[in-house]
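Enquirer: Can you read through this structure? Questions will come right after.
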Amino acid sequence: MNLDSVADRVGALRQFVETTSPYLSADDLAPAQAVVDWAGERLALSRAHTVVALAGATGSGKSTLFNRLAGVDLSPAGRRRPTTGETYACVWGSGAEELLDWLDVGKRYAVPAGELSGLVLLDLPDYDSVEASHRVEVDRLLAVVDLIVWVLHPQKYADKVVHRQYLEQFAAHRDVTVVALHQADLLSPGDLRECLSDLDGLLAADGLAGVPVVATSAVGPPGLDPLVSRLSAAVRRREAVLRRLDADVTTVSAQLTPLVAAPAPDLDRGSEKSLVDALAHAAGVPLVASATEQAYVHRARKATGWPFARWIRRFRPDPLQRLRVGSSPSGAGSTIGATSIGPAAPAAQAEAALAVRQIADDAGRGLAAPWQDALRTAARGRMDDLPDALDVAVARTDLKVGRNPAWWRLFGVLQWIGALAVVAGLLWLLVRYVMFALALPEIPMPDVGRVPLPTFLLGAGLLVGLVLALVVRPIVRIAARRKGRRAYARLRASIATVAGSHVLSPVREVLADYAAARTALSSFR
């Protein structure tokens with residue numbers, strides 16, 4: 001195990017915490033954040049020292065073991081509950097002051113460096129102490145030491161407290177765990193073998209199969225050599241801190257995995273379409289598309305209708321102008337105000353809200369509850385701004401109705417020709433009538449066939465106007481429907497842009513963070 005690999009795992013864990021902190025609760029991330037903080041602080045301190053904690057219950061002989069290893073009575077020992085009320089430290093060698101300051105251990109002693117040079121041995125308070133503060137101190141230090149030696153008494157090694165509340169919780173820390181069956185001198189060789197075998201089975205049930213188990217005694221065989229050998233090997237390799245950190249990351253990984261267990265989802269296209277349709281309905285897109293069709297008919301008849309009847313249409317409001325929609329701003333600095341489309345009906349509003357929620361529900365299906373909540377929050381985060389944004393989008397959409405088609409001008413010219421023929425015929429007939437009334441000589445009048453030319457002009461002009469009106473009417477209707485469909489498509493595209501910026505993009509950001517969190521987790525799992 002090397003520093004780089006552990007540092008990479010911690011870096012991935014840090015990335016996971018940073019990515020998920022907006023979505024997961026502080027309680028969910030607290031263990032991971034603690035490991036990240038601890039890793040940075042511990043690795044910045046001395047790696048030349050290995051911090052080993054002696055943890056045990058009252059009467060296990062933990063403090064006696066500590067004193068014998070130190071070669072001097074430093075920690076008070078006895079059978080009174082509790083005996084060890086605070087943590088004692090013994091350092092083999094020097095240079096551990098900053099490390100002990102970080103551990104917040106005040107009772108500290110130094111012994112000459114030797115086989116255990118670099119060892120920082122801690123005698124913790126009893127984990128079964130009646131004093132709550134003692135248990136808090138034990139838990140605090142067990143979370144940060146490099147290696148843990150569990151000191152068990154032959155009569156209490158199967159105690160459920162140590163197995164359920166402690167050993168089981170350190171199942172991922174087998175590489176930094178040693179179990180010492182202390183006061184082995186109280187047992188016969190046969191009983192000792194039986195106890196060690198039974199203890200191995202209990203540890204396997206705790207998830208700690210293969211953890212080193214040594215028999216020790218401070219007053220007789222087998223003595224302290226088995227434990228000293230383990231400690232000596234640990235301080236020589238100087239890997240305990242890395243193994244402890246690696247185990248902590250593994251433990252945290254197991255806790256975090258359920259939060260990002262499901263594969264990274266993507267938005268459902270059907271839900272996206274339903275969302276855009278619902279928002280288009282709420283924004284009045286069908287109304288505007290219908291008004292576009294009506295406006296096309298209105299403007300076409302103004303341009304292609306009989307000239308003498310066109311002035312009547314000037315008094316009729318243009319459907320698009322009445323809604324204040326239809327063209328985009330002409331310049332870069334120009335703006336378009338709100339439309340005259342009224343607020344969406346309650347049913348349309350409810351449909352839009354349901355579609356927004358459906359987007360979040362579909363995206364979060366199968367994800368852990370915090371992510372589902374985050375997706376709903378992201379989807380609804382800009383709901384208050386949505387009506388105005390939709391209205392502006394409709395107002396800014398260029399419906400391509402500003403320019404009149406060339407065929408309108410052609411039909412308009414033909415209508416004017418017919419109208420001029422009607423005027424010419426009427427004037428000619430009027431002059432003839434006046435001259436007849438005044439008994440003036442009759443002006444020669446050419447004929448078209450058997451029809452006098454003025455009468456022909458009048459009839460032909462009226463017929464041309466009628467025929468053109470009959471011809472152009474279905475063409476205008478067909479073109480108007482096509483223009484309405486195209487307007488609907490352009491308006492829907494504008495609504496889709498708003499849906500993307502106000503609903504879909506925030507949801508995609510959450511999903512992207514979820515995918516990044518899964519990637520980070522796979523790096524340190």
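What follows draws every value from the coordinates through simple rules; no lab data is involved. All figures in this text were calculated on a predicted structure; none of them were measured in a lab. Every residue, glycine as well, gets a Cβ built from its backbone with ideal geometry; the counts of neighbours run over all protein chains shown.
Enquirer: Rounded if a/c is under 1.5, else prolate if a/b beats b/c, else oblate: with a ≥ b ≥ c from the C-alpha gyration tensor eigenvalues square-rooted, which is the chain?
Expert: prolate
Enquirer: Taking +1 at the Cβ of each Lys and Arg and -1 at the Cβ of each Asp and Glu, which of Pro307, Gln321, Ala280 sits farthest along the dipole of region 272-322 towards its positive end, judged by Cα position relative to the Cα centre?
Expert: Towards the positive end, the residue furthest out is Pro307.
Enquirer: Using a simple charge model, +1 on the beta-carbon of Lys and Arg, -1 on the beta-carbon of Asp and Glu, nothing else, what dipole does the chain show about its Cα centre, in debye to the nearest 20?
Expert: Result for the chain is approximately 4960 debye, rounded to the nearest 20.
Enquirer: Mind listing the phi-derived Karplus ³J(HN,Hα) values for region 96-103, rounded to whole Hz, using 6.51, -1.76 and 1.60 with θ = phi - 60°, and x for any glycine or proline?
Expert: For region 96-103, the Karplus curve yields 9, 4, 5, 5, 5, 4, 5, 6 Hz.
Enquirer: Using Cα pairs closer than 8 Å and at least 6 residues apart in sequence, work out the relative contact order for the chain, in percent.
Expert: Across the chain, relative contact order equals 17 percent.
Enquirer: Can you give the relative contact order of region 269-524 as a percent, counting alpha carbon pairs under 8 Å and 6+ residues apart?
Expert: Taking the mean separation of contacting Cα pairs over the length of region 269-524, I get 32 percent.
Enquirer: Okay, moving on. Could you point to the residue in Val162, Asn404, Thr292 farthest towards the positive end of the chain's charge dipole, with +1 and -1 charges on the Cβ of Lys/Arg and Asp/Glu respectively?
Expert: Checking the options against the dipole of the chain, the answer is Asn404.
Enquirer: Among Val149, Leu65, Thr20, pick out the residue whose Cα is farthest towards the positive end of the charge dipole of region 1-149, where Lys and Arg carry +1 and Asp and Glu carry -1 on C-beta, about the Cα centre.
Expert: Leu65
Enquirer: Helix 269-283: angle to the longest alpha-carbon principal axis of the chain, degrees 0 to 90, nearest 10?
Expert: Here the helix axis deviates by roughly 50 degrees.
Enquirer: Which of the three applies to region 1-143, rounded, prolate or oblate, going by the alpha-carbon gyration tensor with a ≥ b ≥ c and a/c under 1.5 meaning rounded?
Expert: It comes out oblate by the Cα gyration axes.
Enquirer: Sticking with this structure for a sec: Would you mind ranking Phe315, Phe411, Phe524 so that the residue whose beta carbon has the fewest other beta carbons within 10 Å leads the list?
Expert: Final ranking by Cβ density, sparse to dense: Phe315, Phe411, Phe524.
Enquirer: Might you report the magnitude of the Cβ-based charge dipole of region 48-237 about its Cα centre, with Lys and Arg at +1 and Asp and Glu at -1, to the nearest 20 debye?
Expert: The dipole of region 48-237 has a size of about 180 debye.
Enquirer: Please compute the Kirkwood hydrodynamic radius of region 48-237 from all pairs of different C-alpha atoms, in Å with one decimal.
Expert: Value: 16.5 Å, from the Cα pair sum.
Enquirer: On to the next question. Let a ≥ b ≥ c be the square roots of the eigenvalues of the Cα gyration tensor of region 142-269; is it rounded (a/c under 1.5), or, if not, prolate (a/b larger than b/c) or oblate?
Expert: prolate
Enquirer: Related question: Taking the highest mean first, how do the peptides 56-69, 268-281 order by number of other beta carbon atoms within 10 angstrom per residue?
Expert: Top to bottom by mean Cβ count within 10 Å: 56-69, 268-281.
Enquirer: Which whole-number percent gives the relative contact order of region 48-237, counting Cα pairs below 8 Å spaced six or more residues apart?
Expert: Taking the mean separation of contacting Cα pairs over the length of region 48-237, I get 24 percent.
Enquirer: What lysines does Lys302 reach when the alpha-carbon gap must be under 28 Å and sequence neighbours fewer than 8 apart in one chain are set aside?
Expert: Lys400, Lys483
Enquirer: Next question. To the nearest 20 Debye, how big is the dipole of region 269-524 about its Cα centre, given +1 on the beta carbon of each Lys and Arg and -1 on that of each Asp and Glu?
Expert: 820 debye
Enquirer: Ok, one more. Students often check this: by mean Cβ neighbours within 10 Å, which of 440-448, 2-10 ranks highest, and how do the rest follow?
Expert: Highest-to-lowest ranking by the protection proxy: 2-10, 440-448.
Enquirer: Right, here's the next one. Under 30 Å between alpha carbons, and skipping anything fewer than 8 positions from Lys160 in its own chain: which lysines qualify?
Expert: Lys62
Enquirer: State the three equivalent ellipsoid semi-axes of region 269-524, derived from the C-alpha gyration tensor as the square roots of 5 times its eigenvalues, in descending order and whole Å.
Expert: Taking √(5λ) for each Cα gyration eigenvalue gives 63, 15, 13 Å.
Enquirer: What value in Å³ per residue do you get for the convex hull of the alpha-carbon atoms in region 178-230?
Expert: Roughly 64 Å³ of hull volume per residue.
Enquirer: Given the DSSP H assignment, sum -39500 (n - 2.57) over each helix run of at least 4 residues in the chain and divide by its residue total; what's the result at 222 nm in deg cm²/dmol, nearest 500?
Expert: For the chain, the value works out to -19000 deg cm²/dmol.
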